[in-house]
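Only one structure is covered here, and it is reproduced in the block below.
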Amino acid sequence: MIRLRALDRKMLRELWRLRGQLLSIGLVVATAVTTLVTMRGTYEALVRARGEYYRDYRLADVWSSLERAPNSLESRLENIAGVADVETRVTWYATLDLPWLEAPGQGLFVSVPESGRAEVDDIMVRIGRYVRPGRANEVMVSEAFFLANGLVLGDTIRAVLNGVRRDMEVVGAAISPTHSYSVPPGALYPDDERYGLFWMSEAVLGPNLDMEDGFNEVAVTLAPGANEVAVIRELDRILDPYGGLGAYGREDQLSYKILNDELESNRTMGTAFPMVFLGVAAFLLNLVLGRLISTQRTEIGSLKAIGYTNREVGLHFLSYSVAAVGLGTLLGALGGVWAGDAMVGQYEEYFKLPTLQYRLSWSLVLIGGGISLLAAVLGGSGAVRRATRLAPAEAMRPEPPARFAPGIVERAGVGEVVSTGTRLILRNLERRPVRAALSSLGVAFSVAILVIGMFMFDGIDLMMDLQFRVAQREDLTVAFNRELGIDVRHELARVPGVTSVEPFVMIPARLRSGHREREIPITGLEVDGRLRRIVSEDGRVHPLPMSGLVLSRMLADRLDVSRGDTVTVVALTGLRQTELYPVTDIVDDLLGVAAYLNVNELRRLTREGLRASGAFLLTDGVRDEDVNAELKRAPAVASVVSPATMLESFQDQLDDSLLIAVFFIVGFASVISVAVIYNGTRIALSERGRELASLRVLGFTRREVATLLFGEQAVITIFAIPIGWGIGYGLAYLVVQALASETYRIPLVVSMQTYTWTTAITLVAAAASAALVRRRLDRMDLIAVLKTRE
Amino acid sequence: MSPEVVVRARNLSKVYEMGEVEVRALRDVDLDLYSGELAVLLGASGSGKSTLLNIVGGLDRPTSGTLHYHDRDLSEADDEELTMYRRRHVGFVFQLYNLIPSLTARENVSLVSEIASNPMTPEEALTLVGLGDRLDHFPAQLSGGEQQRVAIARAVTKQPDVLLCDEPTGALDAETGKLVLGVIDQVNRETGTTTAIITHNVAIGGLGDRVIRMSSGEIADITINEKRADLAGISW
């Protein structure tokens, strides 16, 4: 049997006696460790899984679309210096006739080698099998489309390919890193019911599209150490005669970019949130353990008096810190395993990374625990040092009566109207202003964490509101599968149920300023258009200028241009004209990045008459089904998107993931509030037990005494709330900056509702803490308390 | 042959800053404690006797003056040296016992015996003070007198060279107080430990070999008792 020293026994019993306080401190550590292990661990899991996915399915490094080139060109492409493998293929948008849907669907058809697998941009078959050689009607569909439409293997899908209806048999469902994020053309978000990928044998697809012995898309991988820019330049040079639309690397590939952006914000959140939590935990450990040990001043004196060294006393009291942090780290690791699994489970559905799996990272646990321990030891040792620095004779003596002076109440001359109780509370606060301020700061941090947990809802609400109620005012967006003459507006207007039509043009282009360039479609809008408007985050509608470009702020920053600068625009279709346009306006928009031109100006670039790539429609809301059916029948219609549906799917997706995050954050912030307020009150009780007992002896009721004790905490809490709002707003600003990506920018708004909720949660946490301490206060043994420290 | 001097203090002064007030607790005090004697420091509250004892025991430092334990100069000793001095040579008994509430009687004594070089066992020490049957009681389960006897056991378990008792009966009724004094008296006689008792109770003075009277931070006079009084004859 291990023989415990008396000092160790004392430690164990004291730890047990202080279990409530140490547990609450431990929980703060646990929240920090859990956050770190979960968020950062999830990020690491995502990065790992992405790397494996890209490697296993050979994601290309550079892509280019073109109009048509003969297969014989492939050998020239293979000879480009730095190119490792080349895959040529045919891709084509086709309208889907899905009888179970109101609106027509759309599919991106992609050719795959008939035998063997693609050397670049392979797919992973998840359900069913790969297409077999010689079977003309077999198709594999994207898994998301397969699942969203409740398809089974053997189902038939009807598509209009190049004007011809074809029935195809679904033999498999697959995913691919190239299309991990598949968005219908013209839309911002996936619409898995109406839009999917269709992989068909190249032997079948090519001839169907008049692409026999030809291709219209190329994907290449780079050899190690290859110069991507040089390869892109060479590809562009070779493909230019074949209608090349400009080669681009991974940074400009949608699926890669979206996943990369997502991982970037995940990394930001996975670093920033744990840092905030660890910082707050460190602060609290320092504060609370310091105060806790300060209350042990007499015991420290006694131990020193009987011959224990400062080192022995110090280590003994530091055990409080170690116990709280150890317990917290352990709980945090356990919480991390659970939450990490849950979080990765969420992401699994979203990111579709085949090998995505959460693994508890012990190094993260150690980092979290280590930082907490450091803070705890610093906080604890400060207090131990203060206590051991005193001569034992002095440490054992009651502290000299504190210096009290007439307080602010008296100085303000309102002493007469304020009760003695209130005066006591205020004087106590005034006597230890630093401590009161630090306690307030502790509570303020929990308020701040609540703010950054909840404000995102406000930002997203505003973003949605601006996008779908102010900017996109159409009921339907129709995209054509090729450019049509402007007369199409009259045809659309004649569809029964359509009340208003505004055509738009969208052409692929390259924007250049100095050595910076960026490929992006230019959207041509009508100057007097009312359905689609350019809106900045402050809700202001930017009128489309008669001439010049309007750029998203993010795009302008990438090109390093400001208002008045000139941008070179190269059209990547038709005659590939180059024009110079001044930047007339830069807009702080929230979704995507865009470049807008007056549709007439765009004509100058394309040298074509008035054309339309699509149109915005208003409907009367009564005959929507008829409108959909009519549009579905039109062979030139590539897609029909309803902003309302987009809004819905976007919100569903965000709500799911955000709610979980908010649930955690509210829980964690509550733990912090309780830890600060509960410990603050408990310590105040042990510090002022005698004073409060004396008041009870003098005839104060329990209630009155409780008011004195809790009044101080109440003032601290009430001061903390606005401070927390301020800190929260600051942190929210940082979060918004860090999360800004080309996909979306959450605007910085904090609603009254958020402020109200954060206040309510903090007050509830404070009340719960008070209730816990109140039990102890009620049980206080008056005689015993008065007897000590005579 | 004159008895050996164990502790020698010269010109000790102590000034406290208490809040905004400066208190001169000791003024140029000279004091010797002789080997094996039982000295009683008598004085009213605030006369400086506790301050003197704390400095002699290494619990506090003088503002000025010198202190020697045998030949060792403790006047300039740092915290470490004073701790070792207390650990090896000094036993304390305080008016408020200063037991650790989370430890039993035996464990409170062990706290000291575990760090002493030549201790008696906690059981022996507690038996010496008549608490052999209360070993596993926590302070809260003991009467004031019993707690003070545990404190004495804790002080004597290391077999100290100097036993310093600060108002050991101050928180006790007369009957219990006499019991506690009896234990101290017995320890002094049986072990020959140099002992100093602080008290404001004049009646206790008779118990000592010497009575040192203090007033306003100075030693007013020192009386040598021809014969130490019997505890039975003392009453207050």
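What follows draws every value from the coordinates through simple rules; no lab data is involved. From a predicted model like this one, the values you see are computed outputs, not experimental measurements. Neighbour counts run over all protein chains shown; Cβ positions are idealised from the backbone, glycine included.
Values computed for the structure shown
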{"quantity": "For the stretch A:60-258, alpha-carbon Rg over 2.2 N^0.38 Å", "calculated": "1.01"}
{"quantity": "Highest-fluctuation residue, B:ILE100, B:ILE222, B:ILE55 considered, GNM on chain B with Cα pairs under 10 Å", "calculated": "B:ILE100"}
{"quantity": "For A:388-395, mean number of other protein chain Cβ atoms within 10 Å", "calculated": "5"}
{"quantity": "Count of lysine pairs in the protein assembly as shown with Cα separation under 28 Å (8 or more residues apart, or interchain)", "calculated": "16"}
{"quantity": "Footprinting exposure proxy for A:HIS515, A:HIS490 (fewest neighbouring C-beta atoms within 10 Å first)", "calculated": "A:HIS515, A:HIS490"}
{"quantity": "Relative contact order %, chain A, counting alpha carbon pairs below 8 Å whose residues are six or more apart", "calculated": "17"}
{"quantity": "GNM flexibility winner over chain B from B:LEU31, B:LEU41, B:LEU67 (Cα, springs under 10 Å)", "calculated": "B:LEU31"}
{"quantity": "Distant-in-sequence amide H partners of A:TYR93 (H built 1.01 Å from N, under 5 Å)", "calculated": "A:PHE109"}
{"quantity": "Karplus-derived HN-Hα couplings along the stretch A:644-651 (A = 6.51, B = -1.76, C = 1.60, θ = phi - 60°), whole Hz, x at Gly and Pro", "calculated": "4, 5, 4, 4, 4, 5, 5, 5"}
{"quantity": "Cα gyration tensor, the stretch A:476-641 - rounded (a/c under 1.5), prolate or oblate", "calculated": "prolate"}
{"quantity": "DSSP-defined beta bridges in the protein assembly as shown - what % are antiparallel, rounded to 5", "calculated": "70"}
{"quantity": "Pairwise centroid distance, computed over Cα atoms, of the stretch A:537-604 with the stretch A:264-338, Å", "calculated": "55"}
{"quantity": "Taking only Cα atoms of the stretch A:79-161, radius of gyration then Dmax in Å", "calculated": "15.0, 50"}
{"quantity": "Within 10 Å of each Cβ in B:92-105, the average number of Cβ atoms from other chains", "calculated": "5"}
{"quantity": "Longest DSSP-loop-exposure-free segment, GluC sites (Glu not before Pro), chain B, at most 12 other Cβ within 10 Å", "calculated": "B:77-225"}
{"quantity": "In sequence order, calculated HN-Hα J values of the stretch A:320-327 (Karplus, 6.51, -1.76, 1.60; Hz; x Gly/Pro)", "calculated": "4, 4, 4, 5, 5, 5, x, 4"}
{"quantity": "Neighbour-limited loop hits for chymotrypsin sites (Phe, Trp or Tyr not before Pro), the stretch A:98-170 (at most 10 other Cβ within 10 Å; DSSP other than H, G, I, E, B)", "calculated": "A:TRP100"}
{"quantity": "Assigned charges on the beta-carbon of Lys, Arg, Asp, Glu; the protein assembly as shown dipole about Cα centre (debye)", "calculated": "3380"}
{"quantity": "Spin-label zone in the stretch A:34-78 - amide nitrogen under 18 Å from a point set 7 Å from the Cα of A:GLN357 along the C-beta vector", "calculated": "A:41-57"}
{"quantity": "Note, ³J(HN,Hα) from phi for the stretch A:373-384, Karplus 6.51, -1.76, 1.60, rounded to Hz, x at Gly and Pro", "calculated": "5, 4, 4, 5, 5, 5, x, x, 5, x, 5, 4"}
{"quantity": "Taking A:MET269, A:MET343, A:MET124, A:MET546 and counting other C-beta atoms within 10 Å, the order from fewest to most", "calculated": "A:MET546, A:MET124, A:MET269, A:MET343"}
{"quantity": "Distance between the stretch A:458-534 and the stretch B:17-39 - C-alpha centres, whole angstrom", "calculated": "93"}
{"quantity": "Angle in degrees between helix A:702-739 and the longest Cα principal axis of chain A, rounded to the nearest 10", "calculated": "30"}
{"quantity": "Relative contact order of the stretch A:60-258, pairs being alpha-carbon contacts under 8 Å that are 6 or more residues apart, as %", "calculated": "38"}
{"quantity": "Interchain or long-range residues, amide H under 5 Å from A:SER201's placed H", "calculated": "A:VAL112"}
{"quantity": "Farthest toward positive dipole pole in chain B [+1 Lys/Arg, -1 Asp/Glu at C-beta], among B:ALA125, B:THR176, B:LEU111", "calculated": "B:THR176"}
{"quantity": "Relative contact order for the stretch A:101-188, counting Cα pairs under 8 Å that sit 6 or more residues apart, in percent", "calculated": "33"}
{"quantity": "All Cα pairs of the protein assembly as shown, percent lying beyond 40 Å", "calculated": "59"}
